[in-house]
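Please read the structure below before turning to the comments.
Bear in mind that the values in this text are calculations on the coordinates, not laboratory data. None of the values given here were measured: they were computed from a predicted structure. Neighbour counts run over all protein chains shown; Cβ positions are idealised from the backbone, glycine included.
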Amino acid sequence: APPECPFCGEAAGRELEEHVRARHGHLLGAPGTGNTEQLYECPMCSLTCTNIQILEEHVNLHLEEHNFSEGIDLELARQLQTEEDERQRSEEEKREREEFEKLQRQYGLDNSGGFKQQYLKNMEREVDRGRMQPFEYHKRKADMMESLASGIDDGRTKTSGVIEALCKYYQSENKDVRRVWLSAGVDHFHSSLGDRGWGCGYRNFQMLLSSLLQNSFYNDCLRDTTLIPSIPKIQSMIEDAWREGFDPHGASHFNNRLHGSKAWIGACEIYSLLTSLRIKCQIIDFHKPTGPMGTHPRLFEWILHYYSADNEGGAKVVCTSKPPIYLQHQGHSRTIVGIEEKKNRSLCLLLFDPGCSSQQMQKLLKQNSDGTGLRLLQKFVGNLKEKQYQIVAVDGVLSLEEKAARCRASQVLTSEKIP
């Protein structure tokens with residue numbers, strides 16, 4: 001509203017001062033009026049007042065108007081900030097919930113079923129797409145149910161004899177290899193319709209166990225496990241290890257339950273299971289790169305020492321009695337079955353990957369003289385560039401007292417870090 005004259009109350013707009021002097025000049029002591037009354041100027045709008053009381057009332061009106069306007073602005077700002085905080089909190093909770101559900105699905109903890117459910121669902125898809133005949137579906141379903149009931153793997157994904165074929169190949173071919181060390185015999189197992197996408201840890205355990213079962217040194221430890229267990233059986237075996245007291249922290253991550261889920265397992269679960277069977281092993285943690293370009297030469301050196309320590313000599317091909325090594329990194333695991341030392345002294349690991357099919361592995365049984373099939377197994381230092389790796393290496397048998405001590409130790413620490 002336009003300012004009003006403090007003398008007559010009339011709205012004067014921008015010409016307030018001219019209005020006051022023209023209409024009420026005698027009160028302001030205008031020139032020629034003879035009035036010498038003191039004048040007071042408003043510090044907020046420069047309006048001239050004739051006495052201090054009028055000025056105080058005028059200024060108070062300014063202050064009340066300002067406080068009212070400021071109060072409205074402050075309240076509005078608080079309301080807007082509250083709404084923004086609630087919106088951000090809601091979006092953050094939604095993101096966290098979606099991320100948690102994504103991780104649950106990724107690691108098989110979303111209660112969507114386990115090996116059996118996935119196997120049946122994938123076979124039904126194969127039938128729908130015409131890739132499997134109904135009679136084969138029913139036969140494989142019956143075989144799968146029998147395997148689950150017995151706890152024994154059906155052997156459909158197994159390939160045997162690869163180590164023996166490699167030993168024969170290296171003895172006659174491969175001129176760029178100075179020396180090669182191979183693990184004891186081991187069968188290859190690959191993922192099936194029931195565990196595709198999450199079963200690599202279990203398949204690598206089957207590979208390691210297949211080697212231990214061929215070694216009479218471990219007969220006493222494995223007298224209750226004479227055949228390769230199925231994946232659901234391995235899940236139950238890990239749960240048994242948890243119930244004994246192994247790795248309570250890891251068990252809590254899975255809510256103490258694996259059976260009937262598609263949960264991924266890693267080095268800690270393999271360690272707990274092997275130790276519960278009185279198989280002496282250790283986890284070695286290569287927690288950071290030790291070479292240029294994010295490489296891990298210390299990992300390769302450790303593997304070389306593992307296979308060569310008790311197998312010195314001049315033979316080009318050394319078929320050791322050492323079990324294979326479980327290798328873990330983020331999102332996947334494989335089995336180390338040997339290591340090459342090239343003539344230029346570079347090292348190359350030989351890996352069994354659960355992602356390789358039986359058809360691919362069968363080709364290694366009929367290795368060509370040019371060695372092209374070996375590329376499926378070979379990994380040089382520059383090929384392994386994950387941020388960190390863990391290995392589980394078997395090196396003997398535990399007494400009952402040693403097993404109990406390791407169980408207690410696993411409740412605190414289960415891995416050794418390589419600096």
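Listed by chain and number, the lysines whose alpha-carbon sits under 26 Å from that of LYS139, ignoring those within fewer than 8 places in the same chain, are LYS116, LYS121, LYS158, LYS233, LYS262. A viscosity of 1.002 mPa s and a temperature of 20 °C, combined with the Kirkwood radius over C-alpha pairs in the Stokes-Einstein formula, give segment 292-374 a diffusion coefficient of 146 µm²/s. Projected over all directions and averaged, the alpha-carbon convex hull of segment 204-281 occupies 4.8 nm².
When a/c reaches 1.5 or more, the comparison of a/b and b/c decides; with that in mind, is segment 115-417 rounded, prolate or oblate per its Cα gyration tensor? Working shown, then result.
Values: a/c = 1.66, a/b = 1.16, b/c = 1.43.
Since a/c reaches 1.5 but b/c is at least a/b, the shape of segment 115-417 is classed as oblate.
Bridgeable lysines around LYS316 (alpha carbons under 24 Å apart, same-chain partners fewer than 8 residues away excluded): LYS168, LYS175, LYS342, LYS343, LYS363, LYS366, LYS379. Across the options ILE238, VAL162, LEU277, the greatest Cα extent toward the positive end of the charge dipole of segment 115-417 (unit charges at beta carbon of Lys, Arg, Asp, Glu) belongs to VAL162.
First measure r as the distance between the Cβ atoms of ARG97 and VAL397, then evaluate 1/(1 + (r/R0)^6) with R0 = 41 Å and state the FRET efficiency to the nearest 0.05. Provide the component values of the computation, followed by the final result.
Working: r = 47 Å, r/R0 = 1.15.
Rounded to the nearest 0.05, the efficiency is 0.30.
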